[in-house]
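The next block holds one structure in the form of structure tokens; read it before the comments.
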Amino acid sequence: MIEALLTYPQAWLGAWWDPVFSVVWTVLKIMAIVAPLMICVAYLTLWERKMIGFMQGRIGPNRTTFFGIGVLGGWAQPIADGLKLLAKEIIVPTGASRFLFILGPIMAIMPALAAWAVVPFTPELVLANVDASLLYIMAMTSLGVYGVIIAGWASNSKYAFLGALRSAAQIVSYEIAMGFALVGVLMAAQSLNLVDIVKSQQGNVGVFNWFWIPLFPLFVTYLIAGVAEINRAPFDVAEGESEIVAGFHVEYSGMTFAVFFLAEYANMILIGALTSLMFLGGWLSPFPQSWPLLGQASFGWLILKMFFVVSLFIWFRATFPRYRYDQIMRLGWKVFIPVTLIWVAVLGAWMQTSFWIWWS
Amino acid sequence: MLPSTFQSLLFYVFSAILIFAALRVITAQNPVHAALFLVLAFCTSAGIWIQLEAEFLGIALVLVYVGAVMVLFLFVVMMLDINLLKLREGFWSHLPMGALVAFLLVSEMALILSGSYFDLLAMPKPDAAPVGYSNTKELGRLLYTDYVYPFELAAVILLVAIVAAIALTLRRRKHAKSIDPAWQAGVRKEDRVRVVTMPSEVEQPSALVTTEAEQKTAEVRP
């Protein structure tokens, strides 16, 4: 029946049928990734509030329910928040650059979503299995800073501008350390392709085959630089409530603010996914392959690992006070970059010896 | 007229955006807008490079120029306090010189591009890449074998530039109150806290005079 439906547009478009069909099909696949992602983002905000609540001896949101069912207390909170933000007025400040003011949040969320194009969920389930997917991810995450810069400049506000300047310097600094950490990963995996990177972590001893052991300094660097890259506590000087009110998004309200919020949480999940894929074995099981059910590789392991890394980010936020700006710069330039550079050299030497046992 | 294939349609769309963005870079009045149009131009040319199957160069263009260079560029441009009226003064007096330079550039390009070197026949279509061909791997192999000497030389020149820039701007301020974090973190308990051992005291309202022996035990330890 579907074929019968397709004959008419096929005849009408002629030679253009193939490209049009592939574009439509790709858009559908993108929807299939983005829609669950947005739901995850919404419920991540709830999990963050709940988890920080537990850590501080509070309950967290527990009132809003669906249809008055008491057991679901709190579960409707993200939806209620979203509706509230949708209904609010968007105020463009006087003297703001109107077009760029609206473009800011769009530029913030675009790279956060575009990077998911090359993220593999299982060896087969990936939108675009491109050769240089690690480079593509680097390029996309480096675009994320434009949302902050454009928003800060277009708001025509001093606090927003200060936030944008801080964020620009911070992200450019931490990107270098992040890039060097990825150099270590591609050296160990001998590939830029994320599917191959996960496959090269396969082995008989489960958790000990993953790259987090030989690349431990790079793993820690990547995790911390990732927190800095997505502007989260303790590296959230771009927002810095106690100093510059709300930083780059101080002038934003309603849905434009919500888009910044979505971008931050989508980036959190993205960094969680990348850390799991590159250092924690992706969809591979932490148990030896010989174990009956638990030893099998599956999508569920990836979800569990992502959940673990994302919960770490929330834990950081509940634990550490905000870094001072000069300390952030010192950590990035004087600690992380030397550590990653030295470890890349050590790795290069190590891989030439017979002590390198991470390939089967 | 429709372009014949989907690829050529994409090429025309990207080229149109690229030319528009490049024109706006030089015509936009606000320097921040001009810098953002340059970002757009970089992104679209990266798209065209990827269409030419040069995916490493395309992604590197976005990563290096858009992700790092233009961010720092914007950083500086945003802080400039520019009076647009003052900038536009003297347009007509600068025009002849500018027109001359533009004419020279265009004629140079015309001389090269209209010659027979860049004829379509002189530049046959390259063979299709074999299956499993990796652009990135091939570039890396060339850079570290055939071109390793110029590559290392370029790296050293850049390093010299970095060192020079830091040496020019680094200065110790006399009155700065910044504290060395390593020193701060290296503080030990012994440097800050003195533990005093003394017998517990029972408050005796009448006995205000202490004996000599008691004074000795209450003495502060070094």
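The values are calculated or read from the model by the stated rules, or taken from the named source; none is laboratory data. From a predicted model like this one, the values you see are computed outputs, not experimental measurements. Here Cβ is always computed from backbone atoms with ideal geometry, including for glycine, and neighbour counts include all displayed protein chains. Protein only, heavy atoms only, side chains kept; ligands, DNA and RNA dropped before computing areas. Shrake-Rupley method; radii C 1.70, N 1.55, O 1.52, S 1.80 Å.
Some observations on this one:
- Helices (runs of 4 or more DSSP H) enclosed by the stretch B:1-112 - at least 2 residues per element that are away from chain A (no Cβ under 13 Å): B:6-27, B:31-51, B:84-88
- Being among the polar types (S, T, N, Q) and either part of a helix (DSSP H, G or I) or closer than 29 Å to A:Gln56 by Cα (or both) is a property that does not hold for A:Gln289.
- Just one of the listed residues (B:Val64, B:Val32) is assigned by TED's automatic domain parsing to the domain that holds B:Phe75 and without any contact (Cβ under 8 Å) to a residue 12 or more places away in the chain, namely B:Val64.
- Restricting the stretch A:115-136 to residues that are open to solvent by less than 30 Å² (accessible area, probe 1.4 Å) and in a helix (DSSP H, G or I) leaves a set whose member that is nearest to A:Met306 (Cα to Cα) is A:Trp116.
- Restricting attention to the stretch A:153-181 and to residues that are more than 10 Å from chain B (Cβ to nearest Cβ) and either without any contact (Cβ under 8 Å) to a residue 60 or more places away in the chain or open to solvent by 10 Å² or more (accessible area, probe 1.4 Å) (or both), the residue that is nearest to the chain's Cα centre (by Cα) turns out to be A:Met178.
- Beta carbons closer than 7 Å, at least 6 apart along the sequence or on distinct chains, pair a first residue in the stretch A:348-360 that is open to solvent by 100 Å² or more (accessible area, probe 1.4 Å) with a second that is modelled with pLDDT under 80 for A:Ser360/A:Gly203.
- Here is the figure for the stretch A:86-102: residues that are out of contact with any Asp or Glu (no Cβ under 9 Å at 6 or more places or on another chain) and crowded, with 17+ Cβ neighbours inside 10 Å total 3.
- Within the stretch A:133-152, residues that are more than 7 Å from chain B (Cβ to nearest Cβ) sit with their Cβ atoms under 8 Å from residues that are assigned to a helix (DSSP H, G or I) and charged (D, E, K, R), at 6+ positions apart or across chains, in these pairs: A:Thr141/A:Glu175; A:Thr141/A:Glu229; A:Gly144/A:Glu229.
- Set side by side, the residues A:Phe299, A:Phe307 differ, and just one is out of contact with any strand residue (DSSP E or B) (no Cβ under 9 Å at 6 or more places or on another chain), touching a residue at least 60 places away in the same chain (Cβ under 8 Å) and surrounded by 12 or more Cβ atoms within 10 Å (Cβ to Cβ), which is A:Phe299.
- Matching option when the condition is part of a helix (DSSP H, G or I), open to solvent by 10 Å² or more (accessible area, probe 1.4 Å) and touching a Lys or Arg at 6+ places or on another chain (Cβ under 9 Å), among A:Ser276, A:Ser242: A:Ser242
- Looking only at residues of the stretch B:120-154 that are surrounded by fewer than 10 Cβ atoms within 10 Å (Cβ to Cβ) and within 14 Å of another protein chain (Cβ to nearest Cβ), we find that the one that is nearest to B:Phe56 (Cα to Cα) is B:Gly132.
- Members of the stretch B:1-31 that are buried (at least 17 other Cβ atoms within 10 Å of the Cβ) and closer than 25 Å to A:Ala114 by Cα: B:Phe14, B:Ile17, B:Leu18, B:Ala21
- Within the stretch B:175-189, one or more residues are away from chain A (no Cβ under 14 Å) and modelled with pLDDT under 80.
- If you filter the stretch A:320-330 down to residues that are out of contact with any Ser or Thr (no Cβ under 9 Å at 6 or more places or on another chain) and within 14 Å of chain B (Cβ to nearest Cβ), you find that the one that is nearest to A:Val227 (Cα to Cα) is A:Tyr323.
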